[in-house]
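Remarks on the structure that follows.
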Amino acid sequence: MGRQIGMVCALGGYSVTVWDIDPDMLEQAREELRSRMDRRVEKGTETRAQADSAFERLTFTTELEGPASTADYVIEAVVEKVDVKRDLFARLDRHAPEHAVLATNSSTIVSSRVADATNRPDRVCNMHFFNPALVMQCVEVVRNPQTSDATAETTIELTRRINRTPVVLNKEITGFVANRILHALRDEAIRLYEDGVSSVEDIDTACRTALGHPMGPFELQDLTGLDVGYYVKMARFEESGDPADKPARILVEKFEKGEFGRKSGKGWYDYPKK
Ligand code: 3HC
């Protein structure tokens, strides 16, 4: 998601550094964004000049310290593992200017779990985008108990300036608002499939044609990543201790086989390499 969030911010007029540890990932990110923006220009979503100037504001790098030292706002979108995020937040805290806000795009890991890895817990919050970030309008702004009013206001203002719609949560809960609702639907879809009631394809068709959802729950899991879905369920289970919150058997099997959805070429559906 990080690359698309970067592009959204660049389209909103900000100078953005997209950081990753892997140079190949950065190259892939650049290529994907190029082709997505070309398509948007063809369809008239942006003009060629808007797309080109947004690209000029984007920098891709594997170097953290330099870009962090001049950042006003950082949005982290690394793997959903709390230790990895805490390490990164501690590093960012050492290098970012004092006024900079450090936000996490995580929907599972609430920001209070990373805030105490920094010396600025009042300038830490969740800024949660939806997939695909270039398209989806909603951004959940989630305050932790230490998040200051100024940090929340800056995040809401940033959300508006990048042409997104903020939904503010004054209280931290795992999954936030939209994912709580989405996961209830997903769990039911998996149960119907596991019970042999209907096929993956037909359950998706029902959601599209009966409920007007743009995508069925299985197609959507393939888009957002079954690995992310697995981590989200595990986090809910660890928090509640309720076995009903555990990931479904079939989701565990797919996770263990590396069937993560579109990104791995196979999930609930197959995605042959073009
Ligand atoms: N990345 C970026 N842009 C994409 C995209 C992708 N993966 N897939 C499609 N798009 C863009 C297209 O380029 C097009 O843009 P344009 O209008 O500017 O040209 C636009 O989306 C519409 O695409 P299409 O006409 O090809 O197809 P659809 O009309 O079917 O739309 C969709 C595709 C926007 C993905 C739509 O199916 C949809 O809204 N699906 C539901 C998405 C959803 O529910 N997201 C929330 C997931 S939960 C989440 O993210 C939480 C997190 O914590 C896991």
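The values are calculated or read from the model by the stated rules, or taken from the named source; none is laboratory data. These numbers were taken from a predicted model, which means no experiment stands behind them. Here Cβ is always computed from backbone atoms with ideal geometry, including for glycine, and neighbour counts include all displayed protein chains. Quick note on the areas: whole protein, heavy atoms, side chains included, nothing else; ligands and nucleic acids left out. Shrake-Rupley method; radii C 1.70, N 1.55, O 1.52, S 1.80 Å.
Assorted remarks:
- Residues considered: Thr151, Thr147, Thr155, Thr165. Of these, the only one that is surrounded by fewer than 18 Cβ atoms within 10 Å (Cβ to Cβ), at pLDDT 95 or above and over 23 Å from Gly225 (Cβ atoms) is Thr165.
- Residue in the stretch 202-217 that is surrounded by 12 or more Cβ atoms within 10 Å (Cβ to Cβ), among the acidic types (Asp, Glu), within 16 Å of the ligand (Cβ to nearest atom) and closer than 26 Å to Val110 by Cα present: no
- Number of residues in the stretch 39-84 that are open to solvent by 60 Å² or more (accessible area, probe 1.4 Å), more than 20 Å from the chain's Cα centre (by Cα) and within 16 Å of the ligand (Cβ to nearest atom): the value is 7.
- Which listed residue, of Ile181, Ile190, is more than 12 Å from the ligand (Cβ to nearest atom) and not in a loop (DSSP other than H, G, I, E, B): Ile190
- Ser240 modelled with pLDDT of 95 or more, away from the ligand (no atom under 16 Å from the Cβ) and of a type in the set (Gly, Ala, Ser): no
- Qualifying residue in the stretch 227-237 (condition: acidic (Asp, Glu), in a helix (DSSP H, G or I) and closer than 16 Å to Phe255 by Cβ): yes
- Each residue in the stretch 238-263 was checked for being open to solvent by 50 Å² or more (accessible area, probe 1.4 Å) and within 19 Å of Arg191 (Cβ to Cβ), and 7 of them qualify.
- Residues of the stretch 238-259 satisfying the condition of being assigned to a helix (DSSP H, G or I) and without any contact (Cβ under 8 Å) to a residue 12 or more places away in the chain: Glu238, Ser240, Pro243, Ala244, Glu253, Glu256
- Candidate set: the stretch 118-134, residues that are within 20 Å of Lys171 (Cα to Cα) and within 16 Å of the ligand (Cβ to nearest atom); chosen: the one most open to solvent (accessible area, probe 1.4 Å): Phe130
- Looking only at the stretch 168-201, residues that are open to solvent by less than 50 Å² (accessible area, probe 1.4 Å) and more than 27 Å from Lys266 (Cβ to Cβ) come to 4 in all.
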